[in-house]
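Chemist: Starting off with a structure, shown below.
None of the figures in this text is laboratory data; all of them are computed from the coordinates on show. It should be emphasised that the depicted structure is a prediction, and the values quoted were computed from it without experimental measurement. When we count neighbours, we look across all protein chains shown, and the Cβ atoms used for this are built from the backbone with ideal geometry, even at glycine.
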Amino acid sequence: MTDTRITSFLASVGAHFDGAFAHMTLPKGLAERIKATNSIYRVTFGVRLRGELISFTGWRAVHSEQIEPVKGGIRYAPDATGEEVEALAALMTLKCAVAGVPFGGSKGALCIDPREWTELELEKITRRFTQELARRGLISPGRNVPAPDMGTGEREMAWMADEYRRISPLETLNAAACVTGKPLSRGGIAGRTEATGRGVAYVLAEHCGAEGLAGKRIVIQGFGNVGSHAAHVLAEEYGAHITGIIERDVFLFREDGIDIAALRAHLAQGGALAGFGGAEVQPVTPEALCTDCDILIPAALENVITSENAARIKARIVIEAANGPIDFEADRILWERGITVIPDLCANAGGVIVSYFEWVKNLTHMPFGLMERRITQRRFSHVADLIQSATSQAIPSRVRSDLADSGSELDLVRSGLEEMIRAAYRRIAQRLAEQPELGSLRRAGYVLAIEEVANAYRDLGI
């Protein structure tokens, strides 16, 4: 992957900002202030591994601090660059504003291929990276809160939280809130791992409305955490047909829909995608993204749909489960062809929404639903008794049990996620309906988010 691609990613984000500014009236200088990255820190540190001192380079960008703490994941990737991190941080600012979570935008990366290191070596590297971030105030419950991203997960977040607690004794009480996406045993929250993929499904369901998703043919590029959870929810809960799954080295295709539950079980048992017998295995070519389908879900890297292939995309809807998978020129081509693009700043906001829930849980030191669970159960039990008394008919025990069930933490998290992410999509769609000259959901989302950031700056007296 070359620097040209990464630079174009940052340029694409900047061009979308400029396109939104053309439809807005902002005080002089404010547009430039909102667009620019507040700061980006590049750190290089050494770790003694395998009998030698090995250097690693990482970045943490803070795009906007109109609200603190700032929020954004940390990815481990061998082709990570500072410009990529800047672009991702800008998207986080917009995503938080659209979703209505009280965070500014940040992002981080470490230039490393996790597959080349053992678990013990990765832990040592992660703890050293955490020390570098903490030294600069780039990890803190009240200032900067990282989360998982590509190449990282619960394990890395647990290491970071533990290292932060160790080196910041004055913040021991709320130290767990320094990162989100942790394992449940370390202060995490149920539903965080599935949140981004599940959120994609909720946004699609909101967009399709009464038409529904049952029977829709969907191709997903990327079957990692986001893609696999999106596929599961869309197939199992909405009746969609996942007809294609594109990965680096294999393209699975089945016209009447792949059995996602069987595929996930196959992978959980150590099987490879290419070894799954429930679909046709094809080689990956540039045309895989152009497979005929109703909905295309790019859920891997940025800039996979460009001016080179946008004219051949056959889906009616493209929803960005990844960050920035469509570059600026491709976005224009898809719009001219009448293809609806549901932008990343809404579509994949599920992760930051549930991260917000986890952060609140860590600061309050109280599980979700604890205070109201018993009183809710008693109230519904009384209602059931009244209904039974008035009708002189016994309410089935299963129905009574369902009425009294106030929900587990996972139920509450899913409910909150669905409410917030559907509302975010509705706000964007409503803005486009009010200002059809904006032309696309992406531009409507940018305008809406920029307004939120501008209002925050105005309230701060800037």
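Chemist: Within 10 Å of each residue's Cβ, count the other Cβ atoms and sort CYS290, CYS346 from fewest upward.
Modeler: CYS290, CYS346
Chemist: Taking the inverse of the average 1/r across all pairs of different Cα atoms in the range 149-257, what Kirkwood radius in Å do you get?
Modeler: The Cα-based Kirkwood calculation yields 16.0 Å.
Chemist: Could you list TYR356, TYR41, TYR446 in order of exposure, starting from the residue whose Cβ has the fewest other Cβ atoms within 10 Å?
Modeler: With the sparsest Cβ surroundings first, the list reads TYR41, TYR356, TYR446.
Chemist: Testing the spin-label approximation: label points 7 Å from Cα along Cα→Cβ at GLU280 and ALA423. State their distance in nm.
Modeler: Going from the GLU280 label point to the ALA423 one covers 4.5 nm.
Chemist: Also: Between SER397 and GLU211, what FRET efficiency follows from the Cβ-Cβ distance if R0 is 35 Å, with the result rounded to 0.05?
Modeler: 0.40
Chemist: Can you give me the C-alpha center-to-center distance between the range 46-122 and the range 239-302, rounded to a whole angstrom?
Modeler: 29
Chemist: Another one. Once R0 is set to 45 Å, what does the formula 1/(1 + (r/R0)^6) return for the Cβ-Cβ distance between ASP411 and ILE54, expressed as a FRET efficiency to the nearest 0.05?
Modeler: So, using R0 = 45 Å, E works out to roughly 0.50.
Chemist: With contacts defined as alpha carbon pairs under 8 Å and 6 or more residues apart, what's the relative contact order of the range 96-173 in percent?
Modeler: Computed value for the range 96-173: 26 percent relative contact order.
Chemist: While we're looking at this one, here's another question. Using +1 on the beta carbon of Lys and Arg, -1 on that of Asp and Glu, and nothing else charged, what's the dipole of the range 2-152 about the Cα centre, debye to 20?
Modeler: The dipole magnitude comes to about 420 debye.
Chemist: For an R0 of 22 angstrom, estimate the FRET efficiency from the Cβ-Cβ distance between ASP292 and THR340 and round to the nearest 0.05.
Modeler: The pair ASP292/THR340 has a calculated efficiency of 0.85.
Chemist: What does the charge add up to near ARG165, with Lys and Arg as +1, Asp and Glu as -1, over the other residues with Cβ less than 14 Å from its Cβ?
Modeler: Taking every Cβ under 14 Å from that of ARG165, the sum is +1.
Chemist: Given an 8 Å cut-off on Cα distances and at least 6 residues of separation, report the relative contact order of the range 149-289 as a percent.
Modeler: 16
Chemist: Between HIS365 and GLN269, with labels modelled 7 Å along Cα→Cβ, what's the label distance in nm to one decimal, could you check?
Modeler: 4.6
Chemist: Cα-Cα pairs above 43 Å in the chain: how many percent?
Modeler: I get 15 percent for the Cα pairs in the chain exceeding 43 Å.
Chemist: Quick one: net charge around CYS208, please, counting Lys, Arg +1 and Asp, Glu -1 for every other residue with C-beta under 14 Å from its C-beta.
Modeler: With Lys, Arg at +1 and Asp, Glu at -1, the net is +1.
Chemist: From the cross-link list LYS35/LYS182; LYS107/LYS361; LYS71/LYS216, which pairs have alpha carbons spaced over 24 Å apart?
Modeler: Checking Cα-Cα distances, LYS35/LYS182; LYS71/LYS216 exceed 24 Å.
Chemist: How large is log10 of I(q)/I(0) for the range 331-462 at q = 0.09, 0.12, 0.22 Å⁻¹ when the intensity is taken from the Debye formula with one equal scatterer per alpha-carbon?
Modeler: Reported log10 I(q)/I(0), two decimals: -0.50, -0.73, -1.24.
Chemist: Just from the alpha-carbon atoms, what are the Rg and Dmax of the range 37-186 in angstroms?
Modeler: 14.4, 48
Chemist: Fewest to most neighbouring Cβ within 10 Å: what's the order for ARG50, ARG379?
Modeler: Exposure proxy ranking, most exposed first: ARG50, ARG379.
Chemist: Let me check I've understood the local charge: for CYS293, count other residues with C-beta under 11 angstrom from its C-beta, Lys and Arg +1, Asp and Glu -1. What total comes out?
Modeler: Once positives and negatives cancel, what remains is +1.
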